[in-house]
Amino acid sequence: VQLQASGGGLVQAGGSLRLSCAASGRTFSNYAMGWFRQAPAKEREFVAGISWSGVSTSYADSVKGRFTISRDNAKNTVYLQMNSLKPEDTAVYYCAADRAYVALPKAYDYDYWGQGTLVTVSS
């Protein structure tokens, strides 16, 4: 699976962004999808995940109630709607695919990764 993330940018605190991740190469609906992020000098961390059917979602505590993950299997795309952004959300955001039903929170579970898109939240 090839993954292409997009939608990052510079936004003020309290603002919103929507990230997209377009997949190609294999049957997208066979993969659980996750969003991870990595801030400078920090480890990559799980942000949100969605099962291959879209029924099951999970979130890091730090983004619950502010971020929403969704997917459109007809368009081979997964989204991350980010609202009420905070400066601490600043990071490179990566999408990832795992050939499993549910999205797990550990990066090592994922088989394919996109190139990342930078989100910068100014205070």
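The values are calculated or read from the model by the stated rules, or taken from the named source; none is laboratory data. Quick caveat: nothing in here was measured; it's all calculated off a predicted structure. Heads up, the Cβs are rebuilt from the backbone with ideal geometry, glycines too, and the neighbour counts pull from every protein chain shown. Surface accessibility is based on the protein's heavy atoms, side chains included, excluding ligands, DNA and RNA. Shrake-Rupley method; radii C 1.70, N 1.55, O 1.52, S 1.80 Å.
For residues that are open to solvent by less than 30 Å² (accessible area, probe 1.4 Å) and of a type in the set (Ser, Thr, Tyr), tally how many sit in region 19-31.
Looking only at that region, the number is 2.
Can you name every residue in region 32-58 that is assigned to a strand (DSSP E or B), more than 21 Å from residue 115 (Cα to Cα) and either open to solvent by less than 50 Å² (accessible area, probe 1.4 Å) or in contact with a helix residue (DSSP H, G or I) (Cβ under 6 Å, 6 or more places away or on another chain) (or both)?
58
So which residues in region 73-106 are surrounded by fewer than 17 Cβ atoms within 10 Å (Cβ to Cβ), more than 12 Å from the chain's Cα centre (by Cα) and farther than 15 Å from residue 30 by Cβ?
75, 83, 84, 86, 87, 88, 104, 106
Would region 63-71 turn up any residue that is buried (at least 22 other Cβ atoms within 10 Å of the Cβ), at pLDDT 95 or above, in a strand (DSSP E or B) and out of contact with any helix residue (DSSP H, G or I) (no Cβ under 9 Å at 6 or more places or on another chain)?
For region 63-71, residues buried (at least 22 other Cβ atoms within 10 Å of the Cβ), at pLDDT 95 or above, in a strand (DSSP E or B) and out of contact with any helix residue (DSSP H, G or I) (no Cβ under 9 Å at 6 or more places or on another chain): present.
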